[in-house]
1. Let me confirm something: among K177, K218, which residue is basic (K, R), at pLDDT 95 or above and in a helix (DSSP H, G or I)?
2. Tell me which of these I168 doesn't satisfy, since it passes every other one: (1) touching a Phe, Trp or Tyr at 6+ places or on another chain (Cβ under 6 Å); (2) in a helix (DSSP H, G or I); (3) outside the structural domain of M52 (by TED's automatic domain parsing).
3. Any idea which residue in the stretch 139-171 is nearest to V114 (Cα to Cα), counting only those that are of a type in the set (D, E, K, R) and crowded, with 19+ Cβ neighbours inside 10 Å?
4. Select from the stretch 77-104 the residues that are of a type outside the set (D, E, K, R), farther than 30 Å from E222 by Cβ and crowded, with 18+ Cβ neighbours inside 10 Å and list them in ascending order.
5. Somewhere in the stretch 188-199, is a residue in a helix (DSSP H, G or I) and either surrounded by fewer than 19 Cβ atoms within 10 Å (Cβ to Cβ) or modelled with pLDDT of 95 or more (or both)?
6. Is it the case that the stretch 205-214 has a residue that's touching an Asp or Glu at 6+ places or on another chain (Cβ under 6 Å) and in contact (Cβ under 8 Å) with a residue 24 or more places away in the chain?
7. Which of (1) outside the structural domain of L167 (by TED's automatic domain parsing); (2) crowded, with 20+ Cβ neighbours inside 10 Å is the odd one out, the single condition E123 does not satisfy?
8. Need the failing condition index for G30 against (1) within 21 Å of L124 (Cα to Cα); (2) surrounded by 17 or more Cβ atoms within 10 Å (Cβ to Cβ), just the number.
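The values are calculated or read from the model by the stated rules, or taken from the named source; none is laboratory data. What you see is a predicted model, and the numbers here were worked out from it, not measured in a lab. Positions of Cβ are backbone-derived with ideal geometry, glycine not excepted, and every protein chain shown enters the neighbour counts.
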Amino acid sequence: MAQCQKEMFLIAWNGYEPFLYQNEHKEVTGLDTLVIKRVFDRAGCKYQFIEMPWKRSLLEIKQGNLDMLPTASITDERKKYALFSVEYRDEEYRIIVRKGEAEQWPLNKLSDVVSLQMRLLVELGAWLGDEYNTARKNASFEQLLLKMPLVDHRALKMLLASHVDGLIMEPPTAKYKAMEQGILDKIEVHPYVVNADPVYFMFSKKTVSHKDIKIINKALLEYKGSAEYKALYEFNK
């Protein structure tokens, strides 16, 4: 297989267990990390991980100071400054609530949180779908949102302390963080699906060529056909 022309890819990551995170040895690991390593090694592309909050990562991609950002959804705004790989997995955002309280919040549509006065914590800059963006046009909905640069262990503590009523997260991430804190039995996943979309590698138009993306896509498609890849995200189905 042809090798990438670019000498080094700078790839952003932030604490997003079990997909991208740092282990006790200060190594970047996780399910998505494994995909990146397998694909980039197969494509002959050198890479370096850089820890960076999500919203800043988007800005650095736009400015050309960063080459790649995983777990990215495609939006019209991002297409102005970024290129995308083929999809590499599906993601689903749901609302994490306190154990036994899911039925307390009967959501038929996301905007129902206004009449229910359901306070939600969300990650700043995250793409949560068209329904979420439409709901945000209502000032009453926007007032119920608490936005954090990173939805980390503090978010679950805020939920259990009743500072918010729900966290918009991917369930595997919420469960992983809850297990780390020994509070998995204190949360549950609300049945309402906020957004479900495939995710992609997002590349800066300023620093990454179409030719290199073609090489990476070929390696990604080959890896997606492997038994290892097919077993990787089974828990999320």
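1. Working: K177 fails: at pLDDT 95 or above.
Of the residues listed, the single one that is basic (K, R), at pLDDT 95 or above and in a helix (DSSP H, G or I) is K218.
2. For I168, the exception is condition (2).
3. We begin by selecting, within the stretch 139-171, every residue of a type in the set (D, E, K, R); these are 142, 147, 152, 154, 157, 165, 170.
Within this subset, residues satisfying the condition of being crowded, with 19+ Cβ neighbours inside 10 Å are 165, 170.
Numbers: D165: 12, E170: 22 Å.
For the stretch 139-171, the residue satisfying everything is D165.
4. Going through the stretch 77-104, the residues of a type outside the set (D, E, K, R) turn out to be 81-86, 88, 93, 95-97, 100, 102, 104.
Right, trim to farther than 30 Å from E222 by Cβ and you get 95-97, 100, 102, 104.
Selection gives I95, I96, V97, A102.
5. As a first pass, look at the stretch 188-199 and keep what is in a helix (DSSP H, G or I): none.
No - not one qualifying residue is present in the stretch 188-199.
6. Narrowing the stretch 205-214 to residues touching an Asp or Glu at 6+ places or on another chain (Cβ under 6 Å): 207-208.
Restricting the remaining residues to those that are in contact (Cβ under 8 Å) with a residue 24 or more places away in the chain gives 207-208.
Yes - at least one qualifying residue is present in the stretch 205-214.
7. (1)
8. (1)
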